[in-house]
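Structure first, then comments.
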Amino acid sequence: MPSTAPRVGFFVTCLVDLMRPSVGFAAVKLLEDAGCRVEVPAEQTCCGQPAYNSGDRADAIALAKQVIAAFEGFDYVVAPSGSCAGMIREHYPRLFAGDAAWEGRARRLAERTYELTAFLVDVLDVEGVAARLAATVTYHDACSGLRELGVKAQPRRLLAAVDGLTVKESAMAETCCGFGGTFCVKYPEISERMVDTKAEDLMATGADMVLAGDLGCLLNIAGRLKRKGSAMQARHVAEVLAGSLDAPAIGEPGRKP
Amino acid sequence: MDATSQRFRDNARGALADGRLKESLASFTKTFPEKRQKVIDRLPEFDALRDEGVSIKNHVLANLDFYLERFEAKAAAAGTKIHWCRDAAEARETILAICRSAGARTVTKSKSMIGEEIAINEFLEANGVRPVETDLGEYIIQVRGESPSHILVPAIHLKGPDIAETFREKHTALPAGRALDQPEAILREARTVLRGEFLAADVGLTGANMLVAETGSIVVVTNEGNADLVMSLPKVHVAVASLEKVVPTLEDAATILRLLARSATGQDITAYTTFATGPKRPGDPDGPDEFHIVLMDNGRTAMLGGEFRDMLRCIRCGACLNHCPVYAGIGGHAYGWVYSGPMGSVLTPSLLGAHKADDLPNASTFCGKCEQVCPMRIPLPAMMRHLRERQFVSGGPAAKGRGALKLWAFLARRPALYRRAMALGVGLLAILGRGRGRFRRLPLASAWTGPRDLPAPEGRTFQSLWAERRRGKPASRSRTEGRP
Ligand code: SF4
């Protein structure tokens, strides 16, 4: 690999780390295929968003400092999540506003941090992917990626390059699925209505599969689809783009050996 | 109205169980955003207009005393009497005193959120003055004894048959067999009934969408024209407005009007836009003999100096409600007070006290749609987060689950320990979930598994698999790790 290859620090995100490592490996494959040197700092855990959005500013700051320290020195930081990338890009600088020691460091990290598909398209100008999938999919635009980072066209542009794939848009692709971090367990009844509306809207497309760029939304959506007995599968967009479809879809049983 | 914001959870549960409400909300939260989008697509300068609106309001908030004094001087010069009121109680007493001195028995009203905020109807009624709402939606909920469920479309929670039923019960003088199944018939009936009230009223009471400092005028917009009758037929007019409604010039008012109608109802402009300046002058064919403006603070100056100052830019367009997926699920009544949706979740705690509405700022996914559509670019999610931060310190729903969150943060701040603990945890969970790939029920996770299954983890953490890969072990990251 040429030494001019960008050095990318991969921010796994806690949900991918814990729930679905195959998304992480798919993302790494996409980055490596695009010519990046990928490293995964061991000192990373969580970006601090759950604490931040729950009003726990002290812990949010502590975790943000940990992330900043772990990811200083990379050319870029990439996360397979618009929500975590949005936290680092949009909210870290605000968390440290007025803090002479940290504000500059937060801002420098923020400027170099990207959501996966946005990074591939906007920074690396990736046009094609070497993946194949004969299926009709629909795409859910996760809120933070969409509204904080403007991720909308990038995943679609990459999906258009997947051989055999058809993308069918749902009417409410941009509407929140009702996950909202701790919201979904703090207000389960309201969250239920939201995710049910979402599931109905996705099912109305008749697609075989729903894709998104955030595992939080996907766990919520897949969980509701399964509860409703729907056959629609749910996967992270990186899995399809990398052609990493060995793992069963989210919430599906593994094949018996 | 008495606030029930503290019962938000119960209110919301009730609303979610109401099938008719679900239907009304589904159609309304679809059509309003569509209409708004259409009208904005026709106006390429909409975003520039928003910036202009924001800077007008920011300028006013930075110079509020100056513009209020100027407004007062101009209004007084036109013969308007200004009454400064610190809070809702003072405003109510002032309005009642005006009614009494006019010997009023009936007061016609056009829709006013400030009127709702100070609960003027209940107060007047208790003091022997009969308030009559003249906006169709307000009239309907008034005769039903309800409160508005939307700041713009107060009866949005009702459907035609509900309204027909109410009219049959209330308007007993009309023939029982009359047809009321078409919206036009309902409208006609309301108009017939209200016509008499307009003429009988001694005092007309309106809010004001804006106060123009340059001219001392009030601006009132409606789509029904009822406010114009309320303002011009009775001999006394009272407008009640909160301080932040003032704008410097007519030009500024025009800018905000352009934003308001588009954001609110997807119209280029409301059907009726009235600038009223002072009482009837010699030679005027109509208009009131007395013109009063009740200028009320009621918590605004307290917001001016703090974290919620941006909220004072709000022009009550309702776009944040129309686009909010939480509002779309539960409707306006669940919020328990006059203001609902995202703007209510910030305003209600600010105006009533955080302890009276502490669920509201928590009941948001921070999806960001409200901020995206707000013509005044009010950072609603950031302000709800401020409210959560306060609760985290002082107690309240944001502090609930604090133990679990603190434990998580404790681990997350110790990466080595975190990696071991998480590897153990997900391994265990994967074994439990083996076979189905998901859980229908899981102890301690019922809030998740109530509405939805919980997908099982794959079994190993990414970090541990990555470490293996780095050590050159054959990548054993197959999906069946931890599964049979
Ligand atoms: S907060 Fe913004 S969107 Fe909501 S009512 Fe006020 S001005 Fe309109």
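Worth a mention:
- Filter result for B:Ala416 (more than 18 Å from A:Lys186 (Cα to Cα), modelled with pLDDT of 90 or more and either aromatic (Phe, Trp, Tyr) or away from the ligand (no atom under 16 Å from the Cβ) (or both)): yes
- Residues within region B:417-447 that are assigned to a helix (DSSP H, G or I) and either more than 10 Å from every other protein chain (Cβ to nearest Cβ) or more than 22 Å from A:Pro80 (Cβ to Cβ) (or both), tallied: 10
- Options B:Tyr335, B:Tyr327: the member that is farther than 15 Å from B:Thr4 by Cβ, within 16 Å of the ligand (Cβ to nearest atom), of a type in the set (Ser, Thr, Tyr) and crowded, with 24+ Cβ neighbours inside 10 Å: B:Tyr327
- Any chance B:Leu347 is in a helix (DSSP H, G or I), modelled with pLDDT under 95, more than 12 Å from every other protein chain (Cβ to nearest Cβ) and within 16 Å of the ligand (Cβ to nearest atom): no
- Pairs where the first residue, in region B:174-203, is in contact (Cβ under 8 Å) with a residue 60 or more places away in the chain and the second is part of a helix (DSSP H, G or I) and basic (Lys, Arg), C-beta under 6 Å, 6+ apart: none
Residues are listed down the side, and each one gets a yes or a no for (1) surrounded by fewer than 22 Cβ atoms within 10 Å (Cβ to Cβ); (2) touching a Ser or Thr at 6+ places or on another chain (Cβ under 9 Å):
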residue: B:Ala88; (1), (2): yes, no
residue: B:Lys109; (1), (2): no, yes
residue: B:Glu125; (1), (2): yes, no
residue: B:Asp135; (1), (2): no, yes
residue: B:Tyr139; (1), (2): no, no
residue: B:Ile163; (1), (2): no, no
residue: B:Thr166; (1), (2): yes, no
residue: B:Arg178; (1), (2): yes, no
residue: B:Gln182; (1), (2): yes, no
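- Scan of region B:315-344 for residues that are more than 13 Å from every other protein chain (Cβ to nearest Cβ) and of a type in the set (A, V, I, L, M, F, W, C), ordered by number: B:Ile315, B:Cys317, B:Ala319, B:Cys320, B:Leu321, B:Trp337, B:Val338, B:Met343
- Annotation: of all residues in region B:258-276 being more than 16 Å from the ligand (Cβ to nearest atom) and closer than 13 Å to B:Val219 by Cβ, the one that is farthest from the other protein chains (Cβ to nearest Cβ) is B:Ala276.
- For region A:230-238, the condition of being among the basic types (Lys, Arg) and free of Cβ contacts under 8 Å to residues at least 24 places away in the same chain holds for none of the residues.
- When restricted to residues that are free of Cβ contacts under 8 Å to residues at least 60 places away in the same chain, over 15 Å from B:Ser364 (Cβ atoms) and within 15 Å of the ligand (Cβ to nearest atom), region B:375-401 contains 0.
- Of B:Arg9, B:Arg105, all but one fail to be farther than 29 Å from B:Thr134 by Cβ and surrounded by 13 or more Cβ atoms within 10 Å (Cβ to Cβ); the exception is B:Arg9.
- So B:Leu321, is it near the ligand (Cβ under 9 Å from one of its atoms) and either farther than 25 Å from B:Ile40 by Cα or at pLDDT 95 or above (or both): yes
- Region B:297-311 residues that are within 15 Å of the ligand (Cβ to nearest atom), paired with ones that are among the small types (Gly, Ala, Ser) (beta carbon under 7 Å, 6 or more apart): B:Arg300/B:Ser242; B:Met303/B:Ser350; B:Phe308/B:Ser350; B:Met311/B:Ser350
- All positions within region A:127-170 that are in contact (Cβ under 8 Å) with a residue 60 or more places away in the chain, more than 14 Å from chain B (Cβ to nearest Cβ), surrounded by 14 or more Cβ atoms within 10 Å (Cβ to Cβ) and not β-branched (Val, Ile, Thr): A:Ala131, A:Leu133, A:Ala135, A:Tyr139, A:Pro155, A:Leu158, A:Leu159, A:Leu165
- Filtered residues of region A:218-239 (kept if more than 10 Å from every other protein chain (Cβ to nearest Cβ) and either touching a helix residue (DSSP H, G or I) at 6+ places or on another chain (Cβ under 7 Å) or under 20 Å from A:Cys84 (Cβ atoms) (or both)): A:Ser230, A:Met232, A:Arg235, A:His236, A:Val237, A:Ala238, A:Glu239
- Within region B:448-459, considering residues that are within 7 Å of another protein chain (Cβ to nearest Cβ) and not acidic (Asp, Glu), the one surrounded by the fewest Cβ atoms within 10 Å (Cβ to Cβ): B:Gly450
- Tally of residues being among the aliphatic types (A, V, I, L, M), in contact (Cβ under 8 Å) with a residue 12 or more places away in the chain and surrounded by fewer than 24 Cβ atoms within 10 Å (Cβ to Cβ) across region A:43-62: 2
- Among the residues of region B:222-235, not a single one is within 16 Å of the ligand (Cβ to nearest atom), within 21 Å of B:Glu72 (Cβ to Cβ) and away from chain A (no Cβ under 14 Å).
The values are calculated or read from the model by the stated rules, or taken from the named source; none is laboratory data. Bear in mind the structure is a predicted one, so any value in this text is a computation, not a measurement. Cβ: placed from backbone, ideal geometry, glycine included. Neighbour counts: every protein chain shown.
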